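Visitor: Submitted below is the structure of interest, expressed as structure tokens.
Read the figures in this text as sums done on the coordinates, not as results from a lab. This one's a predicted model, so the numbers in the text were calculated from it and none came from an experiment. Cβ atoms come from the backbone with ideal geometry, glycine included; neighbour counts cover every protein chain shown.
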Amino acid sequence: MNNYQSQYINYISEFAINNKVHIWLGGSYLCDNASPYSDVDISVLSEHSIIRKLIYGYGEPIYISYTTNPNGILIVIYKNGVAVDLEIIKETGVSYTNYFHKENIKIINYTRDTEICKILALSDDENYRVSRLFHRSLIKYLSDKKEIGISIFNEILSFMGYKTITDSQEYNLYFLDVLNDFKSKYNMQLDYYNLLCELADNL
């Protein structure tokens, strides 16, 4: 865990308690096997104004989009590199006395709120959502999940009509060229582009 990720987890823990909002920590941070590049997986039971307060209370995001498979998860990326997979929970049917949960939410029955994601996303454009794959590919690749990183990169290549790649040598060779080509063809927020370049320096 790097300092920014640790800072963010402290932030959401305090937010949950101070605002009486149920937040579950998940993924690699729950399992104590996160890398310096891992995103933070959280699940939040609340309505959209509180979700917005949670997102922007930490800082101004440089990217917010959402997943379509599955629905109900916001992707939030900050300028300092903290990336969050924020699952929005509609209801659980379970009562709790505490608010910040270090336990796997998957063990309980719950439903997601799929509408809030579209309200909070900065853009609903397909190109914008595809641009998120550059970041996802990089953080997987840099976390020594190279096959996954290459597979996600190939989704971008296919979207752009390029031939897919098979190995790390090609990934390292072509990543920045493809990123710059994508930026030249589609609108990409500059702070987000700069973060991608900064991460790519570690290839």
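Visitor: Can you tell me how much longer the chain between Asp144 and Asp201 gets when fully stretched, taken as 0.36 nm per residue apart minus their C-alpha distance, in nm with one decimal?
Guide: Roughly 19.0 nm would be gained on extension.
Visitor: When the dipole is taken about the Cα centre of the chain, and only Lys, Arg (+1) and Asp, Glu (-1) are charged at their Cβ, what size is it in debye, to the nearest 20?
Guide: 280
Visitor: In the Gaussian network model of the chain, springs joining C-alpha atoms below 10 Å, which of Asp124, Asp41, Asp167 carries the largest mean-square fluctuation?
Guide: The residue that fluctuates most here is Asp167.
Visitor: Pick out which of Thr97, Thr166, Thr114 has the largest mean-square fluctuation in a Gaussian network model of the chain, springs linking Cα atoms closer than 10 Å.
Guide: Thr97
Visitor: Report the FRET efficiency, 1/(1 + (r/R0)^6), for Asn71 and Phe159, where r is their Cβ-Cβ distance and R0 is 25 Å, rounded to 0.05.
Guide: Once the sixth-power term is evaluated, E becomes 0.80.
Visitor: Please list, ordered by chain and number, the residues whose modelled amide H lies under 5 Å from the amide H of Arg112; skip anything fewer than 5 residues away on the same chain.
Guide: When sequence neighbours closer than 5 places are left aside, the close amide H contacts are Lys90.
Visitor: For Asp191 and Asp177, compute 0.36 nm times the residue count separating them, minus their Cα-Cα distance, and round to one decimal in nm.
Guide: The Asp191-Asp177 span can extend by a further 3.2 nm.
Visitor: In the chain, with Lys and Arg counted as +1 and Asp and Glu as -1 at Cβ, which of these residues, Asn187, Asn10, Tyr78, has the Cα nearest the positive end of the dipole, that is, farthest along it?
Guide: Asn10
Visitor: Between Gly72 and residues 5 or more places away or on another chain, which pairs have amide H atoms under 5 Å apart, with H built 1.01 Å from N, and which residues are they?
Guide: Thr67
Visitor: To continue, here is another question. For Asn2 paired with Val94, estimate the spin-label separation in nm (one decimal), with each label point 7 Å from Cα along the Cα-to-Cβ line.
Guide: Going by the 7 Å Cα→Cβ label model, 3.2 nm.
Visitor: Also: Could you run the Karplus curve 6.51 cos²θ - 1.76 cosθ + 1.60 with θ = phi - 60° over the stretch 22-33 and give me ³J(HN,Hα) per residue in whole Hz, x for Gly and Pro?
Guide: For the stretch 22-33, the Karplus-derived couplings read 7, 10, 9, 8, x, x, 5, 6, 5, 8, 6, 10 Hz, x marking Gly and Pro.
Visitor: Give, rounded to the nearest 20 debye, the magnitude of the charge dipole that the stretch 11-89 has about its Cα centre when Lys and Arg contribute +1 at Cβ and Asp and Glu contribute -1 at Cβ.
Guide: It comes to approximately 240 debye.
Visitor: By how many nm would the segment from Glu126 to Asn109 grow when fully extended, if each residue of separation counts as 0.36 nm and the alpha-carbon distance is taken off?
Guide: 3.0 nm
Visitor: Would you list the membrane-span-like helices of the chain, meaning whole DSSP H runs whose alpha-carbon atoms span at least 18 Å along their axis and whose mean Kyte-Doolittle value is at least 0.0?
Guide: Qualifying helices, which must be both long enough and hydrophobic enough, are 146-160.
Visitor: Of all the stretches in the chain, which is the longest one without any exposed loop site, taking trypsin sites (Lys or Arg not before Pro) in a DSSP loop (any state but H, G, I, E, B) with at most 10 other Cβ atoms within 10 Å?
Guide: 21-162
Visitor: Only counting other Cβ atoms within 10 Å, I'd like Thr92, Thr164 sorted with the fewest neighbours first.
Guide: Fewest-to-most Cβ neighbours within 10 Å comes out as Thr164, Thr92.
Visitor: Is the shape of the stretch 64-117 rounded, prolate or oblate, going by the alpha carbon gyration tensor and its root eigenvalues a ≥ b ≥ c, with a/c under 1.5 for rounded and a/b larger than b/c for prolate?
Guide: oblate
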